[in-house]
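S.K.: Okay, here's the structure, questions in a sec.
The values are calculated or read from the model by the stated rules, or taken from the named source; none is laboratory data. On a predicted model such as this, the values are computed, not experimentally measured, just so you know. So basically every Cβ, Gly included, is an ideal-geometry build from the backbone, and we count neighbours across all protein chains shown.
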Amino acid sequence: MRILFTTIKSDELVNLNVIHSLEKEVSKHADCQWVGKGWGDHRPGEKLSESIKRLYGNDPPDWVVSNRADLKEYKAYGSPRSDRPYGMVMTLADLHVDPQEWVRVANNGYDVTLMRYLYSPYVKKSLLGRYRYYQKIDPEFYVKNLTTKIHHFPWFTDPSIYKLSSGKEYDVVFLGSSEKKVYPLRNAIVRDLPGYARKKVGDTYSREDHQGRPLRETYLSC
């Protein structure tokens, strides 16, 4: 099997390096190439059809897969199923962002949707360009409206990176958004950590912004 990944090179990204690990693992079992940003074969602004022609000639790959492209890239890469001899796969992660647009793009240009989550009860809206609020939506909106094949493809870890070690700097590390409406479980964990720390381990609790990335870091100091 031959796979062309259109995803960015994410080996040095804290929040996406597992994508890089997954793709490299897949490359052990399939013939894979990459044309996303950061990879050697990437050509800025090049159309997908042109990339395929340059890399494969007249014998296109079996699948084109994007694990973490933005909506603009998905629109550029997608094409009617009858117009191409290869399959198109997209991965959906943040279901609360532009759900109607994601569904439209998927249905118009893709064969398979890999979903990190299957359900989402809210959609994020912008107000005056600066403020955000969350509007209720049918949690099964994607499942009910996607005409592609759907596969649940939850987040994962690379055991070579995230593993038990003999020593540790922090008791607990939290990376990611904890907005209550979108991630109620995460919010509860972050909210209850200080009290749990004082009661169970007696350690101090601190919360800081993760500078340079849209992530928040919460930890219990050792």
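S.K.: Restricted to the range 7-27, and to residues that are among the hydrophobic types (A, V, I, L, M, F, W, C) and touching a residue at least 12 places away in the same chain (Cβ under 8 Å), which residue is farthest from Gly78 (Cα to Cα)?
M.R.: Result: Val14.
S.K.: Also: Being more than 20 Å from His20 (Cα to Cα) and of a type in the set (A, V, I, L, M) is true for just one of Val89, Val105, Val64. Which residue is that? Don't jump to the end; show me each part of the working.
M.R.: Details: Val89 fails: more than 20 Å from His20 (Cα to Cα); Val64 fails: more than 20 Å from His20 (Cα to Cα).
When all the criteria are applied, what remains is Val105.
S.K.: Return the residues of the range 28-46 that are surrounded by 12 or more Cβ atoms within 10 Å (Cβ to Cβ) and either farther than 17 Å from Lys72 by Cα or not β-branched (Val, Ile, Thr) (or both); say none if nothing qualifies. Steps first, please.
M.R.: Within the range 28-46, the first condition is being surrounded by 12 or more Cβ atoms within 10 Å (Cβ to Cβ), and the residues that meet it are 30, 32-39, 41-42, 46.
Answer for the range 28-46, where residues must be surrounded by 12 or more Cβ atoms within 10 Å (Cβ to Cβ) and either farther than 17 Å from Lys72 by Cα or not β-branched (Val, Ile, Thr) (or both): Ala30, Cys32, Gln33, Trp34, Gly36, Lys37, Gly38, Trp39, Asp41, His42, Glu46.
S.K.: Going by the structure shown, is Tyr77 at pLDDT below 90 and either within 18 Å of the chain's Cα centre (by Cα) or under 22 Å from Phe141 (Cβ atoms) (or both)?
M.R.: On the way: at pLDDT below 90: yes; either within 18 Å of the chain's Cα centre (by Cα) or under 22 Å from Phe141 (Cβ atoms) (or both): yes.
Taking the combined requirement at face value, the residue satisfies it.
S.K.: Separate question: Tally time: how many residues in the range 47-66 are over 17 Å from the mean Cα position of the chain (by Cα), outside any helix (DSSP H, G or I) and either polar (S, T, N, Q) or not assigned by TED's automatic domain parsing to the domain that holds Leu13 (or both)? Give the steps one after another, and end with the answer.
M.R.: Quick first cut of the range 47-66, residues over 17 Å from the mean Cα position of the chain (by Cα) only: 47-63.
Cutting the leftovers down to outside any helix (DSSP H, G or I) gives us 47, 57-63.
Among the residues that remain, those that are also either polar (S, T, N, Q) or not assigned by TED's automatic domain parsing to the domain that holds Leu13 (or both) are: 58.
Here the count works out to 1.
S.K.: Further question on the same structure: State whether the residues of the range 109-117 include one that is without any contact (Cβ under 8 Å) to a residue 60 or more places away in the chain, assigned to a loop (DSSP other than H, G, I, E, B), within 19 Å of Arg2 (Cβ to Cβ) and within 22 Å of the chain's Cα centre (by Cα). Don't jump to the end; show me each part of the working.
M.R.: Restricting attention to the range 109-117, the residues satisfying the condition of being without any contact (Cβ under 8 Å) to a residue 60 or more places away in the chain are 109-117.
Narrowing further to those that are assigned to a loop (DSSP other than H, G, I, E, B): 110-111, 116-117.
Now narrow it down to the ones that are within 19 Å of Arg2 (Cβ to Cβ): 110-111.
Next cut, within 22 Å of the chain's Cα centre (by Cα) only: 110-111.
Within the range 109-117 (the criterion being without any contact (Cβ under 8 Å) to a residue 60 or more places away in the chain, assigned to a loop (DSSP other than H, G, I, E, B), within 19 Å of Arg2 (Cβ to Cβ) and within 22 Å of the chain's Cα centre (by Cα)), the answer is yes, since at least one residue qualifies.
S.K.: Restricting to the range 67-100, name every residue that is in a strand (DSSP E or B) and surrounded by 20 or more Cβ atoms within 10 Å (Cβ to Cβ). Step through it out loud before you land on a result.
M.R.: Going through the range 67-100, the residues in a strand (DSSP E or B) turn out to be 87-92.
Within the range 67-100, Met88, Val89, Met90, Leu92 meet the criteria.
S.K.: Name the residue that is modelled with the highest pLDDT, counting only residues in the range 162-195 that are over 23 Å from Asp94 (Cα atoms) and surrounded by 15 or more Cβ atoms within 10 Å (Cβ to Cβ).
M.R.: Taking the candidates together, the pick is Leu193.
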